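Participant: Can you keep this structure in mind? I'll have questions shortly.
The values are calculated or read from the model by the stated rules, or taken from the named source; none is laboratory data. None of the values given here were measured: they were computed from a predicted structure. Cβ: placed from backbone, ideal geometry, glycine included. Neighbour counts: every protein chain shown. These area figures cover heavy atoms from the full protein model, side chains too; ligands, DNA and RNA do not enter into them. Shrake-Rupley method; radii C 1.70, N 1.55, O 1.52, S 1.80 Å.
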Amino acid sequence: MKGKFITFEGIDGAGKSSHVEWLAETMRQRGVVVVVTREPGGTELGEKLRGLLLSESMHLETETLLMFAARREHLAQVIEPALKRGEWVVCDRFTDATFAYQGGGRGLDRNKLQQLEHWAHENRQPDLTLLFDLPLDVARERIALASRVLDRFEQERADFHERVRQVYLDRAKNNPSRIRVIDGQETIENIRKSLEQIISSI
Ligand code: TYD
């Protein structure tokens, strides 16, 4: 069987992470070998870069280059080898997040992002992207309830997150066959049902 590359996306607080492991487990029960991973991160070097990215303030272009540096390593060490072995890769965030956060949230020129994307992974796109979407105030409330220390992105103001959400939704509109929007306000049970349907269709 051919490997599949599935990514999860959404604004902070959209609830995607709780579904990543569930989807992987569901597919394993069907006999698929699944690698679960995340960005930024996914390799030893990538996790170190993640630590810096989530805590240190830095120039926007530095932030963007580090996201892509971590991604390049992740593709080379983890994603491409697993797909080559015919395994599925389920990844919590990928390049759509860079367009949404560094492009939408922080305003980096989209052309620059496209050039970096081309450079870092010219021929690799997710087979499927599950975009968890919900109104910003609901997402903010969930984050507030989590009562933990917020990272550098979660600490951004509401208008930042509104722009992130908008870019995600625009990308979904422009890539309807790859990006499927999941209503993050639905019950866990209904979300799981939708995910099962979508996965069966691919
Ligand atoms: P996140 O998946 O939210 O981690 P957690 O669920 O543990 O909080 O990812 C961390 C943050 O990184 C998130 O706020 C979005 C940000 N991010 C970017 O800004 N650009 C990127 O390219 C990626 C992959 C993530």
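Participant: Would you pick out the residues in the stretch 91-139 that are open to solvent by 10 Å² or more (accessible area, probe 1.4 Å), among the hydrophobic types (A, V, I, L, M, F, W, C) and more than 12 Å from the ligand (Cβ to nearest atom)?
Facilitator: Within the stretch 91-139, 119, 136, 138 qualify.
Participant: Residue check: is residue 16 over 24 Å from residue 162 (Cα atoms), in contact with a strand residue (DSSP E or B) (Cβ under 7 Å, 6 or more places away or on another chain) and buried (at least 17 other Cβ atoms within 10 Å of the Cβ)?
Facilitator: No, not satisfied.
Participant: Also, I was wondering about something else. Return yes when residue 64 is surrounded by fewer than 18 Cβ atoms within 10 Å (Cβ to Cβ), modelled with pLDDT of 95 or more and of a type outside the set (A, V, I, L, M) and no when it is not.
Facilitator: Answer is no for this residue.
Participant: Please specify each residue of the stretch 19-55 satisfying the condition of being of a type in the set (A, V, I, L, M, F, W, C), farther than 19 Å from residue 83 by Cα and surrounded by fewer than 19 Cβ atoms within 10 Å (Cβ to Cβ).
Facilitator: The answer is 22, 45, 52, 54.
Participant: Moving on. Which helices (runs of 4 or more DSSP H) sit wholly inside the stretch 1-80 and have at least 3 residues that are touching a residue at least 60 places away in the same chain (Cβ under 8 Å), hydroxyl-bearing (Ser, Thr, Tyr) and within 25 Å of residue 182 (Cβ to Cβ)?
Facilitator: 17-29
Participant: Of a type in the set (Phe, Trp, Tyr), in a strand (DSSP E or B) and at pLDDT 95 or above - does that describe any residue in the stretch 129-149?
Facilitator: Checking the stretch 129-149: at least one residue is of a type in the set (Phe, Trp, Tyr), in a strand (DSSP E or B) and at pLDDT 95 or above.
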